[in-house]
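The values are calculated or read from the model by the stated rules, or taken from the named source; none is laboratory data. Worth saying up front: this structure is predicted, and the values here are computed from it rather than measured. Quick reminder, even Gly has a Cβ in these numbers, built from the backbone with ideal geometry, and neighbours come from all protein chains shown.
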Amino acid sequence: MKTTHIALALLLVSPMLLAEDIKIENLPQSEIYENWLISRCIGKSTDSEKTKQDAFRSASAYLEFSKLPMDAFEQGEKTG
């Protein structure tokens, strides 16, 4: 019975601890930029209005948390 409680507690706590590590604030700047670029490309290339909105909203969130200069995003916009 004790083992079951411990296993259940570990199953419930582990995802919460992992979720803390994948917060956007914890991502390296290079990954934030790459995710922004991918989101912009998806938004530009899809025919689905819902997917387009979601992709552009995601790109906006990545831009908000980035510490890179705006010039990097302007250059990325030109390549996309």
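Annotations for the structure displayed:
- For the range 63-80, the set of residues classified as out of contact with any Asp or Glu (no Cβ under 9 Å at 6 or more places or on another chain) and assigned to a helix (DSSP H, G or I) consists of LEU63, GLU64, MET70, ASP71, ALA72, PHE73, GLU74, GLN75, GLY76, GLU77, LYS78, THR79, listed by residue number.
- Scope the range 38-62; condition in a loop (DSSP other than H, G, I, E, B) and either of a type in the set (Asp, Glu) or closer than 22 Å to GLU25 by Cβ (or both); matching residues: ASP47
- LYS23 vs. criteria modelled with pLDDT under 85, of a type in the set (D, E, K, R) and loosely packed, with under 15 Cβ neighbours inside 10 Å: yes
- Tabulated pairs, the range 33-45, first touching a residue at least 24 places away in the same chain (Cβ under 8 Å), second not in a helix (DSSP H, G or I), C-beta under 8 angstrom, 6+ apart or interchain: TYR33/SER66; TYR33/LEU68; ASN35/LEU27; TRP36/SER66; LEU37/GLY80; ARG40/GLY80; CYS41/GLY80; LYS44/GLY80
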